[in-house]
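**Student:** One structure coming up, written as structure tokens, with questions to follow.
The values are calculated or read from the model by the stated rules, or taken from the named source; none is laboratory data. Everything numeric here is computed off the predicted structure, so don't read it as measured data. Methodologically, a virtual Cβ is constructed for each residue, glycine included, from the backbone with ideal geometry; neighbour enumeration extends over all protein chains shown.
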Amino acid sequence: MHSLLRNHRYTKPARPFVLASAPFMALLAGDALGADNQTTTALPQVTVTAQRHEESAQDVGIALTALSGQDLQNKGVTNVNELQNYVPNLDIAPQYGGGNPLFRIRGVGLKDYGSNNTSTVGVYLDQVALPYPIQTQGQLFDLERVEVLRGPQGTLYGRNSTAGAINFITNKPTREFHGGLTTSYGSYNASNVEGFLSGPLSDTLRARLAFITEQGGAWQENRVTGQSLGDKDNTSVRGQFDWDATPDINFNLTVHAGEDKSDSRGSYLYQGLKPNANGAAYSSISPENDGKKTGWGLTPGFAKLTGLSVGDKPHRDNDNTGFALTGTFDLNDHLSVTSITASDRFRRREYIDWDASVIPQSDEYFDSKIEVFSQELRLASHDNERFNWQTGLYFAQDRLDENFYSDFSANLGYGTYTSYTQKSNTYSAFAQGDYQLTDNWKLIVGVRQEKEHRELEDFSTQRILVNNGVYRLGQLSFPAADSDLDSNSTSWKLGLEYQLTPSTLLYSTVSRGIKSGGFTAYNSSYAEQIAPVKPEKLLAYEVGFKSDLSDTLRFNGSAFYYDYRDQQYQSQVWISQAVGNVGRLVNIPKSKIYGYELELQWEPVSGLTLGQYFGTKKGKYVDYQGLNSTATRAVGFAYPVYTDFSGSSLTNFPKISYGGQLQYVWDVGGFTFSAESDYSFHDRITGSNGTTTQAYWLANARLGVTPKGSNWSGALWARNVFDKKYDLYHGSFLSNAQIATPGDPRTVGVQASYKF
């Protein structure tokens, strides 16, 4: 199955004009290929389950992009973060070089390095929600497809979201025996092995076993010692059993497990580093522009306190296990019940160096345990001529136990230790229906009522005292305390679709999405800091079209306007004259975001496929009086200074995303060859603190060959072909150590596959 778009990567595009280049390129390609290639083939219809039942993506009045699992495997995509190279207005960044990603769709995202707050983007694995962003790492293997939905989701999903949803759909057990193995080897001794076995165990029982393992790939090194950094060491396995209990009852049991012992990605000091007073014994570091050079270091005292070793690199030691049991009961030809029971456990142990040096200014260690249980029950109609609907109940129970250690001894003279337990219970009822008003008009109505209780228990921040290199826990700077939040929210959707022609769909929607509230959980020393942040609400207006202009030309587009209320934002709150400002999540009363997306796919001649996408977005604060800085009175006390940001532009997201791909498949003798090239553009990001992540382009290439009638295939590939230096993330809490997280350099390699 083709994806709507492929991998893309290069400096500033000429906006929508560039989209026109795809048809122009295709005409040139057609002339070059000659008259023998005038036969065309119809574009495939991509089947999706974005609305909880199978249908063509072109028949769904939602802005979505579907990417096939085979295409992702060919591109070597094994991490959710890399999806941003395929989808308009999707951005995913590794915050501070760690494993906790920052998701944004259409500019809607929460910049928060904490583990405890939910994302604005709902992420699902076979319909099971993964509520914490850290859980999303390592899900991309043995997939049928990935669906990225843009805009608020909630009336059909396990949890509410304001930005959108990413759905991973795995390959299911087959009725015939199949298997496959794909291996890849490339630069920096990076290797990847992925395989599966699938088939029947009896007339009614089928099974599938899939795995992936990634090793090597270290391309960074310590600027002082030359020690390498960046080796992957992760393995995941997934087993499925599919049982037809009766002709009308089916059960699917999925179990999964994985571990990740990979090195973390290092950062570099693009402004250099001058040690603070307490770190005067250390040398300054000149400004750097080479992302391959980085630094780290643990003091013996901090290593002993956390259970790390002095010689440890920045790394992860994570593991996860879980299961999901899905039961489908066909009550009759037009009515079915679906039950999904799931449980997941995730353990995070991660050491990151946020000053990118041997200096103990900001060495961080996370020790987190996540447990999630969910139960969903749905009743749905199907195949009715005019009116189809779904309704359901959802319950989820989450628990996060976390210990967070920071070593600030070289700038503050001490460290901090934060510990807490966060619990949440979510209850919801939801329903959505679509009614065929006429042969061409369809009305869609959805509603969701959700009640949620979140609580922070035994929260405390404790100083780590440092004396002659000995680290010990000292007095609580914030004694153990609790905080809680109860919310009762309604989200809804109202849509209208018009089938202009059999191959052209026009749609418009008005929808309301909700993101859960939460707490500021790290290094909080005052009761005001752990006061809950309210849920955010987004009212979205959208119009769009989906059109197959011919059997070989597909063109989709959408435009949106967001009325954003109580946006959650990492800022500061005022404590007192003696204390001044401290960091905390706050709610911005009102802002707006607007933009559009275009996607094109064309097969002008047999074997040639062209794809393009373009997305743009802008935002402004409508009502925001923000705490900006502190000033000093003559007596030496601080007082709050507020700034009116109303009318100024939103920050922390790129305005433009653009990408394209070109693929040609042809036969020579007894072989089928395929040549692919793809590229993507990522616009600059200006942070709220004035830091800027510069714009960049990326380009990839692949040449594949398959002997006709054979089960074997092979390929040569290159990623970041032009060895572009680029950054994925800029950000730091240290004024004297601004860090940048670099992207991967050019890599080349080979891939081989065998399937039967």
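**Student:** Could you check how many residues of the range 501-559 are assigned to a strand (DSSP E or B) and among the aromatic types (Phe, Trp, Tyr)?
**Tutor:** The qualifying residues number 4.
**Student:** Okay, moving on. Among the residues that make up the range 545-562, is at least one of them surrounded by 17 or more Cβ atoms within 10 Å (Cβ to Cβ), closer than 30 Å to residue 642 by Cβ and within 24 Å of the chain's Cα centre (by Cα)?
**Tutor:** Yes, some residue in the range 545-562 is surrounded by 17 or more Cβ atoms within 10 Å (Cβ to Cβ), closer than 30 Å to residue 642 by Cβ and within 24 Å of the chain's Cα centre (by Cα).
**Student:** Right, another one. If you check residue 252 against the conditions, is it crowded, with 16+ Cβ neighbours inside 10 Å, touching a strand residue (DSSP E or B) at 6+ places or on another chain (Cβ under 6 Å) and closer than 20 Å to residue 322 by Cβ?
**Tutor:** In short, yes.
**Student:** Are there any pairs with C-beta distances below 6 angstrom linking a residue in the range 264-289 that is over 18 Å from residue 410 (Cβ atoms) and part of a loop (DSSP other than H, G, I, E, B) to a residue that is at pLDDT 95 or above and polar (S, T, N, Q), with the two at least 6 apart or on different chains, and if so which?
**Tutor:** Pairs found: 266/220; 266/294.
**Student:** Let me ask another. Do you know which residues across the range 698-756 are at pLDDT below 95, among the β-branched types (Val, Ile, Thr) and closer than 24 Å to residue 672 by Cβ?
**Tutor:** Scanning the range 698-756 gives no hits.
**Student:** Just to check your reading of the model, which residue among 526, 522 is at pLDDT below 95, buried (at least 18 other Cβ atoms within 10 Å of the Cβ) and over 17 Å from residue 596 (Cβ atoms)?
**Tutor:** Answer to the check: 522.
**Student:** What do you reckon, is residue 329 surrounded by fewer than 17 Cβ atoms within 10 Å (Cβ to Cβ), under 30 Å from residue 392 (Cα atoms), at pLDDT 95 or above and more than 22 Å from the chain's Cα centre (by Cα)?
**Tutor:** yes
**Student:** List, please: which pairs have Cβ atoms under 9 Å, are six or more places apart or on different chains, and start with a residue in the range 35-56 that is outside any strand (DSSP E or B) and polar (S, T, N, Q) and end with one that is at pLDDT below 80 and surrounded by 17 or more Cβ atoms within 10 Å (Cβ to Cβ)?
**Tutor:** From the range 35-56, no pairs qualify.
**Student:** Scan the range 598-625 and report the pairs whose first residue is more than 17 Å from residue 540 (Cα to Cα) and whose second residue is among the basic types (Lys, Arg) and surrounded by fewer than 22 Cβ atoms within 10 Å (Cβ to Cβ), with Cβ atoms within less than 8 Å and a gap of 6+ or a chain change.
**Tutor:** These pairs meet every condition: 614/15; 623/590; 624/590.
Conditions tested, residue by residue: (1) touching a His at 6+ places or on another chain (Cβ under 8 Å); (2) buried (at least 20 other Cβ atoms within 10 Å of the Cβ); (3) within 30 Å of residue 118 (Cβ to Cβ).
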site: 282; (1), (2), (3): no, no, no
site: 292; (1), (2), (3): no, no, no
site: 354; (1), (2), (3): no, yes, yes
site: 373; (1), (2), (3): no, no, yes
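**Student:** Can you tell me which of (1) under 25 Å from residue 741 (Cβ atoms); (2) assigned to a loop (DSSP other than H, G, I, E, B); (3) touching a Leu at 6+ places or on another chain (Cβ under 9 Å) is the one residue 99 doesn't meet?
**Tutor:** Result: residue 99 passes all but (3).
Here's the yes/no breakdown for (1) in contact with a Phe, Trp or Tyr (Cβ under 6 Å, 6 or more places away or on another chain); (2) modelled with pLDDT under 95:
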{"residue": "241", "(1), (2)": "no, no"}
{"residue": "251", "(1), (2)": "yes, no"}
{"residue": "254", "(1), (2)": "no, no"}
{"residue": "258", "(1), (2)": "no, no"}
{"residue": "272", "(1), (2)": "no, yes"}
{"residue": "277", "(1), (2)": "no, yes"}
{"residue": "280", "(1), (2)": "no, yes"}
{"residue": "298", "(1), (2)": "no, no"}
{"residue": "321", "(1), (2)": "no, no"}
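**Student:** Here is a list of conditions, (1) surrounded by fewer than 20 Cβ atoms within 10 Å (Cβ to Cβ); (2) in contact with a helix residue (DSSP H, G or I) (Cβ under 9 Å, 6 or more places away or on another chain); (3) of a type in the set (Ser, Thr, Tyr), and residue 267 meets all of them except one; can you say which number that is?
**Tutor:** If we test residue 267 against (1) surrounded by fewer than 20 Cβ atoms within 10 Å (Cβ to Cβ); (2) in contact with a helix residue (DSSP H, G or I) (Cβ under 9 Å, 6 or more places away or on another chain); (3) of a type in the set (Ser, Thr, Tyr), just (1) comes out false.
**Student:** Okay, moving on. So residue 583 clears everything in (1) over 29 Å from the mean Cα position of the chain (by Cα); (2) closer than 26 Å to residue 108 by Cα; (3) small (Gly, Ala, Ser) except one condition, right? Which one?
**Tutor:** For residue 583, the failing item is (1).
**Student:** Take the residues in the range 680-728 that are on the phi > 0 side of the Ramachandran plot and in contact with a Lys or Arg (Cβ under 7 Å, 6 or more places away or on another chain), then tell me which one is surrounded by the most Cβ atoms within 10 Å (Cβ to Cβ).
**Tutor:** If we take residues in the range 680-728 being on the phi > 0 side of the Ramachandran plot and in contact with a Lys or Arg (Cβ under 7 Å, 6 or more places away or on another chain), then 720 is surrounded by the most Cβ atoms within 10 Å (Cβ to Cβ).
**Student:** Let me ask something additional. Looking at the structure I just gave you, is residue 241 crowded, with 22+ Cβ neighbours inside 10 Å, at negative phi and either part of a loop (DSSP other than H, G, I, E, B) or not β-branched (Val, Ile, Thr) (or both)?
**Tutor:** No: the conditions fail for residue 241.
**Student:** Can I ask one more? Return the only residue of 68, 56 being touching a His at 6+ places or on another chain (Cβ under 8 Å), surrounded by fewer than 24 Cβ atoms within 10 Å (Cβ to Cβ) and either modelled with pLDDT of 85 or more or closer than 19 Å to residue 212 by Cβ (or both).
**Tutor:** 68
**Student:** Another one. Looking at the range 92-111, which of the residues that are crowded, with 23+ Cβ neighbours inside 10 Å and among the charged types (D, E, K, R) is farthest from residue 368 (Cα to Cα)?
**Tutor:** Taking the candidates together, the pick is 106.
**Student:** Of all residues in the range 355-403, count the ones that are part of a loop (DSSP other than H, G, I, E, B) and either under 27 Å from the mean Cα position of the chain (by Cα) or not basic (Lys, Arg) (or both).
**Tutor:** Counting residues in the range 355-403 that are part of a loop (DSSP other than H, G, I, E, B) and either under 27 Å from the mean Cα position of the chain (by Cα) or not basic (Lys, Arg) (or both) gives 12.
**Student:** While we're on this one: Scan 79, 89, 85, 74 and give me the residue that is within 22 Å of residue 720 (Cα to Cα) and at pLDDT 95 or above.
**Tutor:** Criteria check complete, one pass: 89.
**Student:** Just for the range 18-44: of the residues that are at pLDDT 50 or above and more than 26 Å from residue 84 (Cβ to Cβ), which one is farthest from the chain's Cα centre (by Cα)?
**Tutor:** Applying the filter and picking the extreme gives 41.
**Student:** If residue 677 satisfies every condition in (1) buried (at least 20 other Cβ atoms within 10 Å of the Cβ); (2) touching a Ser or Thr at 6+ places or on another chain (Cβ under 8 Å); (3) polar (S, T, N, Q) but one, which is the exception?
**Tutor:** Status for residue 677: all satisfied but (2).
**Student:** Picking from 99, 107, 114, 122, which residue would you name as being within 25 Å of residue 52 (Cα to Cα) and of a type in the set (Gly, Ala, Ser)?
**Tutor:** Matching residue, one of 99, 107, 114, 122: 122.
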